[in-house]
Structures are given as structure tokens and as C-alpha cells.
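As C-alpha cells, the structure follows; a few thoughts come after it.
The values are calculated or read from the model by the stated rules, or taken from the named source; none is laboratory data. Quick caveat: nothing in here was measured; it's all calculated off a predicted structure. Because the Cβ atoms are built from the backbone with ideal geometry, glycine has one as well, and the counts that use them run over all protein chains shown. All accessible areas refer to the heavy atoms of the entire protein, side chains included, with ligands and DNA or RNA removed. Shrake-Rupley method; radii C 1.70, N 1.55, O 1.52, S 1.80 Å.
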Amino acid sequence: MAVRPVLQQADIERALTRIAHEILESNRGADDLVILGIPTRGVILAARIAEIIRRIEPNAPEALAGSLDVTMYRDDLSHTRTRTPAPTDVPVGIDDRTVVLVDDVLYSGRTIRAALDALADIGRPRAVRLAVLVDRGHREFPIRADFVGKNLPSAASERINVHLREVDGEDGVSIEGGVR
Amino acid sequence: MSRTLIRGATLVDGTRGDLLLDDGRIAEIGSVTDAAGATVIDADGLLALPGLVDLHTHLREPGFEQSETVLTGSRAAAAGGYTAVFPMANTSPVADTAGVVEQELRLGEDAGYVTVQPIGAVTVGLAGERLAELGAMAASRAKVRVFSDDGLCVWDPLLMRRALEYVKAFDGVIAQHAQEPRLTEGAQMNEGALSGELGLRGWPAVAEEAIIARDALLAEHVGSRLHVCHLSTAGSVEVVRWAKARGIRITAEVTPHHLLLTDDLVASYDARYKVNPPLRTAEDVEALRDALADGTIDIVATDHAPHPAESKECEWDAAANGMVGLESALSVVHEAMVETGRFGWADVARVMSAAPASIGSLAGHGHALEAGAPAELALYDPEVRAEFGVGSLAGRSRNSPYLGSTLPGRVVATFHRGVPTVLDGQVRPADEVAGGARG
Amino acid sequence: MRHLLSTRDLGREQAIELLDIAEDMAAVQQREVRKLPTLRGRTVVNLFFEDSTRTRVSFEAAAKRLSADVITFSAKGSSVSKGESLKDTAQTLQAIGADAVVVRHQASGAPQTLATSGWIDAGVVNAGDGTHEHPTQALLDAFTMRRRLHGDASRGRGLDGARVVIVGDVLHSRVARSNVWLLDALGAEVTLVAPPTLLPVDVSAWPARVGYDLDAAIDSGPDAVMMLRVQAERMHAAFFPNSREYSRTWGLDDARFARLPRTTMVMHPGPMNRGFEIAASAADSAQSTVLEQVANGVSVRMAALYLLLSGEREEAA
Ligand SMILES: [Zn+2]
């Protein structure tokens, strides 16, 4: 199976920095901002974005990033093998704040739909935005990302692999398989 | 009366011979040359065994005909190579009067598949309080010689003593279901490591052994004959061995299932394995096999106990005790005793035919196959090995623990009074069998 | 997970996974919205052949907080206990379309019979069978111990090295059996203390030490002491001379409680016989986990139902 690298470590770094800037710009600063990653890799990306934001805006609040598990909100629980949920860790209340959801790959949109339901059960944010490292298309829901690292049109038969050093030892995004 | 020539059967001593059955007897054995008009059966590779005799059968009629009748149970017996069965007294009404035992006898005669020799109850209604009319049953047309409250123990020591003494008058024998009732209240399985784990009330070995010891000493004291039903523990073997060494007139039986199956099967909570006495440990099974081999245990008896599906398709506690066993007994003894090198086929004939007929004082059965002997015999194919399925069952109930497992051997034909009750492994139609027996 | 019938067949990893999921469920119980949509459209039947309001309510709450439809079938006193068979009941539940059946039954093994009979496709949760097992009770006990020992750092951990003393009627206790297997799988050291008459005849293969001396067990300074309920009917069946002697010898009375380290958890599966197997001072102390056990029961049962009803249905074994 052919594996084709599409983003290197520096590309990821640049993409996240740009996303951080765009978030700050659209939010007019870091006030009332909560960045929630969707496990597993979204949580890592959220933490990295939060770190970049704090570098740009030293006055940004400490409790900026957290995690939002959506396992219990999925609509495909009986269609795939049992998923083990991950902890949800929301650093501050989300009421009347802007929540930026972060995931590694945006695909069908089902995960984000579940995330919106999960958010609704823990509070009432002023606005919800979506940041993803890769948008590969093939949406099944009326959902689009506000901040995109890279658009990567792909065939359904292909796999997008996102590696992050915190869990995979190295940074990189690649496309695997498919018929070219 | 039909004439049948069985050609080239292997006898229990290993020799080959023909058997000519004529007028309910074995007319000739060896090399038969003149068999004019006889139906010829090719018995090449088949073992000829004397018709098996089961000293412990539950035929359920009268009273529990949804489980078995004398007719269906007789068919199951024939399918297993049996030519005589002793039905236990725990019917409804209980076989505690001459009337009931004569009724059973007649039902057996009408069916015609096997000799049905009723066992009488020891106490009225199996209640363990008053002696049943033992003498009347003995003097009846059923000529009862074996008495048992099987299913229940004759627990009262004084009543047991009286029963042992009383049947001396007509050379009867008390067959005891040895189970101390207080030690086995609510008991569900062998008491041991597994019962504790599964949370099932234990049936301790001592509850059997204590009764056997008591009864052996009582039999010695009053000079009577005692038969112990379904020995299930190594300790019981020791007690019987001791009693025999002491000269006490005691005989003992073991069931096929206690020779093969162990209590770990209960871990499935599959009620097909629920039986009384319960399945025991592998050590007990070894001891029982050894005891049967060395003669401490005299006979194998099936304790064939049919139950309808709903009595087994339920939670363990609510399930009935018992397994059907007539159709599988010979194969199980084959596996447990012959294949393990403990027994030759002459030994099988002894413990499944001659000895039970003798203990039960049953004439016309248990004879070695020789000229002049009654034509009670079975042809058995010892070479096949096949899955035991519902097709192997010929009675009304299906509660066999062997369904789905592989067993050696197969009964190919059975002859009762010279009439085939089973041919080519198939039980013969009831009208042919009944007609043949009468004709 | 196809069924949850016993802790015996639960491996360490599977047990820890369930306890971790229970942590997530417990976190949800702290929110304003305590309900999750996870099992929307699924039907959970509570089939109780034996009274147990506590366990039934706990399973009901767990199923409802996961948005399942809950049908409670109290079979006690109905046609079921009057001879309608387990099989008939199972077939009724099959016709109703049950996805999971939570069964409490007075006969040991009844949940396993239900699960393996082929009468029903639903997953089966054993909510206590006879004197066999009560796996969710043991799981909530383990969850409670793990939280007391490790607090927020509980996730992913077992109970390695924890010393647990289980006291009382082990013979008839499904709670004790489930705890022995589970605690062993989680790495805890179990000591059983009971009158010899209330121990199974052969526990040599159990992963537990066995003793008759409660004082020695108390003085060993265990991490947890679990007192089992003694049913009144045992007193009439010659298991011990009388309640006074039992209480004096095997009860957690004031004096014994006072000798325990202040960190020792005092546990009881409930309902308690205060003043008999456990003194009120112990039951109501800060060391007592009795109320936590009840609260944790819902979280653990939510986790069990989640594991049972999520994932593609495995082929029935
Ligand atoms: Zn019996």
C-alpha cells in the first residue's frame, strides 16, 4: 500500500500557528476563549494551539485548552467495535464563551455533530467554531470548518494518517492506499 | 415362530460362530449348515452379546406418560441392546401394591420389546413410614423380588432393618438409594470446590457413604441381601469393598454416566447434567471404574430417567434430576471400560446381563449364548464411532447428556424371545414386535 | 462485551476498562445535565425474580441516564414465580425486542442459562443470582476502593497490593464470590473471615486467605473491611449458636472498629443489620463507604450497559 507524505513537522507547525492567529483575530483576542480538543489527537492539537496563543498573547488565560469526549454522543455505537471513551476535561465553564472545537481530520462531520450535542449538555456557549488540521471532504452533515490547516481532497478509499509526536513519536500527515 | 440365522458373529470369547434362533431359543451355535427357511443376518464384524438386563429403569407409567411409557421405554431399551428392564416403583400411583406391579407387567408384555420385571416399593407411597405389601407383590403374577424406594432413601434405620428381614421370606432384595436426607437438603451438585464456586448447594459424598455403611451393617446383622443403587463416590467403593471382605451379602451398581462424566460439566449450568446422585470428580470416576473391574461393583444399571424438555430447559435449581441412558449405556461402558483396557467383552456381558439378572432373580435372561439358552441377545458393532444425536434416542424424552458427543459402537440388532426388536440399527415397528412375541 | 455474568471471566484489563468508563459516567453525574443520549432507542429490561429495590433502582437509573427505554419486569409474585418458566419469560422479552436484560434470580446460574440458551438475543447482565455472583456489586466495590485509594489518579489503575478483609456469610454470599475473583484480578490481597460453617467446604482454589479470627484480621491493619449481611434464616439452621455469639465473634463492633486504622475503609453491600454484623458507629463513620457505594453503583452500571450495548453485536458463543 502506497504511503504518500503530505505534511511534514514544519508544515504542521506553520498551519497551527496560522490557525492560532486566525482564532485570535476572529475572537478579537484571547478573552472568553475555550479551546476543546476531541480525543485523541484533537486534544493534543488544542493544547499546541493554546500554547501558541499564549506565546502571541502573554496575557491569555492559563486555563485555555481542554478535551471534549464525544463517544457517548456518537450515532454509530452499534455499527463499529466498542469505543473506549476518553475523559472530558473542560478547564472553565463554557457559558457565554467562544468554544473552538479542534480535531485532526474533518471527514463526514459525524464526530462534530456528536461534539455539538456533547457541548449542549455541559453549557451554552456564545459561539462554537471548528478548527481542523486536515479537511479531506466527503461531508455527510451541513458542517464546515472555520479554521483549516490544509484542504486535502481525497478518495473515500484512501486513509489519512495523522501522526503527532506526543503519541506517535513524530509529526507528519500522510495519505495511504487508494487507486491513482 | 420365526427362525433366524445369524452368520459369522464374534462371540464374547473372541471366537466366531453362527447362531440359529428357533422358537425363542438358541437352537444351534457354531457352524450352522442346515438353516432352511431361516432369515439370514450377516453378522460379520458384529459382536453377539447376551441381551442386556437393566436393574434400574424409570419407565414413568403410570402417571408420567409425557416423559415415557412402558412402550416407549421398552423401545429405548431394545435400541440399547436390552432384553429386560426392571422399572422402579416411583410411578403415580406408586408401585406399592400387587395391582400396580401386575399392570406394569402386562403393559410390558403387550409392548413385547423387552421383559418388564417390576420393582416394588419398600414403603407405602415411598413415604418411608410403613412397609408396602411386599409379600403380596412377591406372590403376584409379577413375582417381584427387588424392592426399592428409589428416588428416595429408606432413611429410617428401623424400617430398613425390617424391610431387609422381611424379604428373606421370598429371597427378595432391598435396592437402596443411599442418600442421607438431612445432609442433602436442597442439594444441587457434588459438594466440593466447584459447588462453592458455582454457588450450588452441595451433595456431599458422606451422605451416600454413611447410608451404605449403615445398611451393610444392618444386612450383616439380620443376614439379609442388600443391593446398593448407583454408587457414585470413591468412598462408597471403599465401604462396599470392606463389606464384601467381611462376607456381607451386598451387591452394588454403577450407572454409565458415573463411569464417564464428571462434575465440572455442571459449570455450564446445563441441566442435562443434573442427576441424582450427582456427577462426581475425576477421582471418583477412576475409583468406580476400578471397582467395576475388580468386582467390588457388580453391575452397570442405567438409572434411565426420562424427563420432558421443560423439566430441563430451565434454571438449574428448578430442573429435574436424571438422564436417559438405555440407548447409550453399552457405548458408554465400551468407552469407559473396554477402551481403557479394564474390560473384555465377556466382562461387559457379566456386568450388564448375567449379574443383574441374577441379583434380580430374573429367569430367562442373562444366560451365556449357548445351545438351548433363551434367544435373548444383541448384535453390536464395536468398530464404528459416531456422533450420538437425537436420532440415536428411541424413547419419548431427549434428556441425554451425550447429545452432540461422539461415542464408540452401535447396537445393530436386538432379539427378544427370538424376535428381532431392532434390525439394522432401527427399532422394529410396534405391531410387528407385539405380534411376533405373541405368535 | 456480549454479557456480564460473573467477575470470574473478567480479565484485569477488561475490569479496569469498565472502571475507567465508570469514572467518565461519574463525571457526567456531576453535571447539571446528567443524561447521555448514548443508548437512545435501545430497550433495557430489568427482570427481577427476587425483590431488590436497591439494585433495581440503581439499574433503572443507569439505563435512564443513558437514554435507554427501561421496562421493569418484577417477576416476584407474578405468574413467573408461580411456574411460568424462565424460558417463557425470555421469549416474551425477545418478542418485546429487549436489547439487554438485567436479571436477578434466586437460582444460581439462571443468568447464564438465559444467556446461553438461545431463547433470546439480548445481552444479559447478572444482577445477582442465588449464591453465585453479583458482578456489578463487586465492580462498584472495586470502584469505590480505587477512588478512596487513588482519588483523581484512579484511571488505568488496579488495586495492586490493597489488603481487603471480607467478613461473614461467605457460603451464601454472591457478593463475596464476585469480590474474590475481581479483587484478585485487580491485584488486591483478599482475606476471608467467617465461622467455619459459613465457608464453602473447599475454598483451597480461591485466591484468598481464609481465617476464623476477626481480631487478627483487624489488627493486621487492612485497607478495607467488607462486612457481609447475615440473613436471619441462617440463625435457625445451626450455622452458629445464636446472634449474640455471632455478633461478639464476627461482628464489627465498637471496640474492633476503634482498633482499625483511621484510613481503613468500612464497606457493606447493604442492607445492613446495624448492631449485628456492623455497629452503627462504624456504619455511619467517615470511614464508611456505604453511601458512596450506592452512588457509584449507578456509574458502574452505566459503564456495564454501555459496554454491553455498544459495538457490533458479537456472534453468540
Ligand atoms: Zn436413585
Hull surface divided by four, with the convex hull built on the Cα atoms of segment A:104-160: how many nm²?
4.1 nm²
Obtain the nm distance between the two label points defined at residue B:387 and residue C:232 by a simple spin-label model: each point lies 7 Å from its Cα along the Cα-to-C-beta direction.
5.4 nm
Could I get the Rg over Rh figure for segment A:47-180? Both from C-alpha atoms, Rh via Kirkwood, rounded to two places.
0.97
In the protein assembly as shown, if the dipole is taken from +1 on Lys/Arg beta carbons and -1 on Asp/Glu beta carbons about the Cα centre, which of A:91, B:140, C:114 is farthest to the positive end?
A:91
What whole-number distance in Å separates the alpha-carbon centres of segment B:91-148 and segment A:28-69?
90 Å
Could you give the length gained by full extension between residue B:65 and residue B:309, i.e. 0.36 nm per residue of separation minus their alpha carbon distance, to one decimal place?
86.5 nm
For the protein assembly as shown, build the charge dipole from Cβ charges (+1 Lys, Arg; -1 Asp, Glu) around the Cα centre, then report which of C:280, A:65, C:140 sits farthest towards its positive end.
A:65
For the protein assembly as shown: Kirkwood Rh in Å [reciprocal of mean 1/r, alpha carbons]:
32.5 Å
Please report, for the Cα atoms of chain B, the Rg to one decimal and the Dmax as a whole number; what are they, in angstrom?
20.6, 67
In segment C:126-151, accessible area falls by at least 10 Å² from chain alone to full assembly (1.4 Å probe) for C:131, C:132
Relative contact order (%) - segment B:151-192, alpha-carbon pairs under 8 angstrom, separation at least six:
48 percent
Cα-projected label distance for residue A:31 with residue A:80, points at 7 Å along beta-carbon direction, nm
4.0 nm
Which of the helices in chain B meet the span-like rule: DSSP H, Cα axial reach of 15 Å or more, Kyte-Doolittle mean at least 0.5?
B:205-222
Note down the magnitude of the dipole of segment B:395-434 about its Cα centre, charges +1 on Lys and Arg C-beta and -1 on Asp and Glu C-beta and zero elsewhere, to the nearest 20 debye.
160 debye
When the Cα centres of segment C:142-179 and segment B:293-358 are compared, how far apart do they sit, in Å?
46 Å
With +1 on the Cβ of every Lys and Arg and -1 on the Cβ of every Asp and Glu, and nothing else charged, how large is the dipole of chain C about its Cα centre, in debye rounded to the nearest 20?
600 debye
List the accessible area buried at the contact between C and B, summed over both sides and calculated with a 1.4 Å probe, in Å² to the nearest 100.
1400 Å²
Could you tell me the calculated FRET efficiency between residue B:185 and residue C:69, based on Cβ-Cβ distance and R0 = 41 angstrom, to the nearest 0.05?
0.45
For segment B:279-413, whose charge dipole is built from +1 on Lys and Arg Cβ atoms and -1 on Asp and Glu Cβ atoms, the candidate among B:355, B:365, B:305 with its Cα farthest towards the positive end is B:365
Would you look at the GNM of chain B, springs on alpha carbons closer than 10 Å, and say which of B:301, B:375, B:319 moves the most?
B:319
Could you report the buried accessible area between C and A, both sides summed, computed with a 1.4 Å probe and given in Å² to the nearest 100?
1400 Å²
Over segment C:135-294, with every protein chain in place, what whole percent of the accessible area is carbon and sulfur at 1.4 Å, could you tell me?
51 percent
Computed FRET value (nearest 0.05) for residue B:339 with residue B:15, which takes r as the C-beta separation and R₀ as 30 Å
0.85
With the crude spin-label approximation of a point 7 Å out along Cα→Cβ, what separation in nm comes out for residue C:31 versus residue A:21?
3.6 nm
Which GluC sites (Glu not before Pro) in segment B:323-376 pass both tests, a DSSP loop state and at most 15 other beta-carbon atoms within 10 Å?
B:339, B:370
For a 30 Å ceiling on Cα separation, which of these pairs sit above it: A:150/C:64; B:168/B:274; B:143/B:244?
A:150/C:64; B:168/B:274
With only helices counted (DSSP H, runs n ≥ 4, each -39500 (n - 2.57)), the per-residue ellipticity at 222 nm for chain A, to the nearest 500, works out to -9000 deg cm²/dmol
Sequence order, segment B:307-312: Karplus ³J(HN,Hα) from phi using 6.51 cos²θ - 1.76 cosθ + 1.60, θ = phi - 60°, Hz rounded, Gly and Pro as x, gives 9, x, 3, 5, 7, 10
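For segment C:135-294, what is the charge dipole size about the Cα centre, in debye to the nearest 20, if Lys and Arg each add +1 at the Cβ and Asp and Glu each add -1 at the Cβ?
Roughly 260 debye for segment C:135-294.
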GluC sites (Glu not before Pro) in segment B:149-206 lying in a DSSP loop, each with at most 15 other Cβ atoms within 10 Å of its Cβ, come to B:185
Percent carbon-and-sulfur accessible area, chain B, ignoring ligands, DNA and RNA, probe 1.4 Å
49 percent
The alpha-carbon pair-distance distribution computed for segment C:135-294, with 5 angstrom bins and whole-percent values, is 2, 9, 21, 24, 22, 14, 6, 2, 1, 0
